[in-house]
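**Student:** Structure below; questions to follow.
The values are calculated or read from the model by the stated rules, or taken from the named source; none is laboratory data. Predicted model only: the values in this text are computed from it and were never measured. Every residue, glycine as well, gets a Cβ built from its backbone with ideal geometry; the counts of neighbours run over all protein chains shown.
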Amino acid sequence: MIVLDHLRRSCRMDVDVIPLRIPSDKDHQVSVSGLWWDGTQEDLEQEIRKLFAQYGPIHRVTARREACGAEGDNVWYGYVAYFSAFDAEEVLRQSGKMIFGGRRIRLKKKNRLNGFENHGLSLHKSQELLMHYFGFNCWTSEIVYLERDDEEQKDSVRYICLVRVRMPKEGLCSEGLGLGEAPCTTQSPQGRGQSVACARRFAINSAMKAAFGKFVIIKLRNGKVTVEVDTTQTDLQMYDPLWDSTEVEVNDIDHDPEEEDSDEEFAMLQDIDDEELGALLDITISKDA
């Protein structure tokens, strides 16, 4: 367990702290110029990524055409943003040596505030980054809690989910809390079922993203890599241990029989799993959500 600010202050330049968040352009971005290209911007960005990915995982590649006359119509420049500042440093050491399209390209450090470094990565990107450093199947996950929110509005369905992600080899565990909400403005079973499925799926995805976002990769100058959990991050609300306990069984309850028929069909939808919902709605719901 670590506190990020303390680690950054104490490690100086011997350790690279890589949170699973959008990296700051400062110390992570390399400017590339002198690119001769006669194709599309998308294809050029793919080729740049292939060339520079050998130095480490890349967060973003952008390319732009130089505005410098007729001959310059095929001259481009671009930016490569790495997750690790060490990887960006290694690339800069190749300045004057790298070849692209049979020509030498120019590299230099580019510092510019992007305003997005406090934003978390997507779930897919976070998982990719962990697998790059620690291998495939380096983590396991389980849903600890997934239930309807009692405070939801009449025209929406809300679910709260608690997910626990473990990295067994490192002996680490991270928990994330997520909230999923979907509009429910129809009285049909299909419409209600779809709202339930969407809210559940959004809650799981949000919880998984929060849990993965607490992992922090620590890379040393000698190439060694480890991982810790940032305990300074907070969830939407505190976890209630009662969520893991057995619910109270109710044997008698006062109710209005006239309301029972209208609500019975909707109540049944709350407890069916995603596969049953998929069969009802004729849609495919990913188990990994």
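**Student:** Of the residues E170, E142, E128, E151, which single one is touching a Phe, Trp or Tyr at 6+ places or on another chain (Cβ under 8 Å), on the phi < 0 side of the Ramachandran plot and in the same structural domain as T234 (by TED's automatic domain parsing)?
**Tutor:** E170
**Student:** Sticking with this one: Please specify each residue of the stretch 32-91 satisfying the condition of being surrounded by fewer than 20 Cβ atoms within 10 Å (Cβ to Cβ), hydrophobic (A, V, I, L, M, F, W, C) and over 30 Å from F134 (Cα atoms).
**Tutor:** Answer for the stretch 32-91, where residues must be surrounded by fewer than 20 Cβ atoms within 10 Å (Cβ to Cβ), hydrophobic (A, V, I, L, M, F, W, C) and over 30 Å from F134 (Cα atoms): W36, W37, A67, C68, A70, V75.
**Student:** What residue, among those in the stretch 181-206 that are out of contact with any helix residue (DSSP H, G or I) (no Cβ under 8 Å at 6 or more places or on another chain) and part of a helix (DSSP H, G or I), is surrounded by the fewest Cβ atoms within 10 Å (Cβ to Cβ)?
**Tutor:** G191
**Student:** While we're looking at this one, here's another question. Just checking, which of V216, V227 is in contact with a helix residue (DSSP H, G or I) (Cβ under 6 Å, 6 or more places away or on another chain), modelled with pLDDT of 90 or more and part of a strand (DSSP E or B)?
**Tutor:** Values: V216 fails: in contact with a helix residue (DSSP H, G or I) (Cβ under 6 Å, 6 or more places away or on another chain).
Within the list V216, V227, the selection yields V227.
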